[in-house]
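To keep things clear, I will list the structure first and then write my remarks on it.
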Amino acid sequence: MKSTDNTFSVEQAEDSSGFLLWQVTSLWQRKIRDSLKQYDLTHSQYVLLTCLHWLTLHGQDVTQIVLSSYSKIDPMTTSTVLRTLQQKGLIRRTEHSTDTRAKKIDITEKGKEIIKKAVVTVETADKEFFALLGDTTNKFNETLAALIDSGL
């Protein structure tokens, strides 16, 4: 018997974009987490190390605030993860040349070595996971970018 409780605005859970996104994100994160085990990296560590490497390759001086903003990982979590990456010898922090309150963050040679391998592994996992999208991948990415740009 169908409930008369009208708590939800949808007839089926599958009609909720948020619930579907949650499920897809959970499945995708599990796949990525499994692929990163061999590198002893968590997903957050991978994201921050990848962003650091990307920004550095593109000539940007990177600070914790820059990384937090670029990755969309909150500043407190960014700080904690960077501390762990530093303990693992994958990054180093030095005095910033112009901002005495900030530390410049650099990827170490060990960090570069690991991230270059991990990126290949994650990109392969992404291709496998999102293969179902086929020719709609670019549109999907544009839609995700629009959601990000909207300032959620």
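Can you tell me the FRET efficiency between Ala131 and Leu57 if r is taken as the Cβ-Cβ distance and R0 is 30 Å, rounded to the nearest 0.05? Efficiency, from the Cβ-Cβ distance: 0.65.
Here segment 31-73 is scanned for amide nitrogen atoms under 13 Å from the site 7 Å beyond the Cα of Ser97 along Cα-to-Cβ, giving 59-62. In plain terms, if you count all Cα to Cα distances in the chain and split them into 5 Å steps from zero, the share in each step is 1, 8, 14, 17, 18, 14, 10, 7, 4, 3, 2, 1, 0, 0 percent.
What does the charge dipole of the chain about its Cα centre add up to, to the nearest 20 debye, if the Cβ of each Lys and Arg holds +1 and the Cβ of each Asp and Glu holds -1?
Values: 19 positive and 19 negative charges, 161 e Å.
Around 780 debye, computed over the chain.
Phi angles of segment 81-87 translate, via the Karplus equation with coefficients 6.51, -1.76, 1.60 and θ = phi - 60°, into HN-Hα couplings of 5, 4, 4, 5, 4, 5, 4 Hz per residue; Gly and Pro are given as x. Structure note, pairs Lys31/Lys117; Lys31/Lys88; Lys88/Lys117; Lys72/Lys110: Cα-Cα distances above 20 angstrom occur for Lys31/Lys88; Lys72/Lys110.
Extension gain for Glu109-Thr42 works out to 22.2 nm (0.36 nm per residue, less the C-alpha to C-alpha distance).
Straight-line cross-link reach from Lys127 at under 19 Å between alpha-carbon atoms covers these aspartates and glutamates, not counting any fewer than eight positions away in the same chain: Asp34, Asp135, Glu142.
Peptides 142-149, 58-65 ranked from most to least packed, by the mean per-residue count of other Cβ atoms within 10 Å: 58-65, 142-149.
For a paramagnetic label modelled on Gln29 (point 7 Å from Cα along Cα→Cβ), amide N atoms under 20 Å away belong, within segment 62-102, to 68-85. By the count of neighbouring beta-carbon atoms within 10 Å, fewest first, Leu41, Leu48 end up ordered Leu41, Leu48. Along the positive direction of the dipole of segment 28-107 (beta-carbon charges: Lys, Arg +1; Asp, Glu -1; about the Cα centre), which of Ile107, Gln29, Cys51 reaches farthest? Sorting the options by dipole projection puts first Gln29.
Averaged over residues, the count of other Cβ atoms within 10 Å places the peptides 97-103, 116-122 in the sequence 116-122, 97-103, highest first. Peptides 22-32, 77-87 ordered by packing proxy, namely the average of other Cβ atoms within 10 Å per residue, highest first: 77-87, 22-32.
Every read-out reported here was derived from the displayed coordinates using simple, explicitly stated rules and does not represent laboratory data. Quantities reported herein were computed from a predicted structural model and do not represent experimental measurements. Neighbour counts are summed over all protein chains in view; Cβ atoms, including those assigned to glycine, are modelled from backbone coordinates with ideal geometry.
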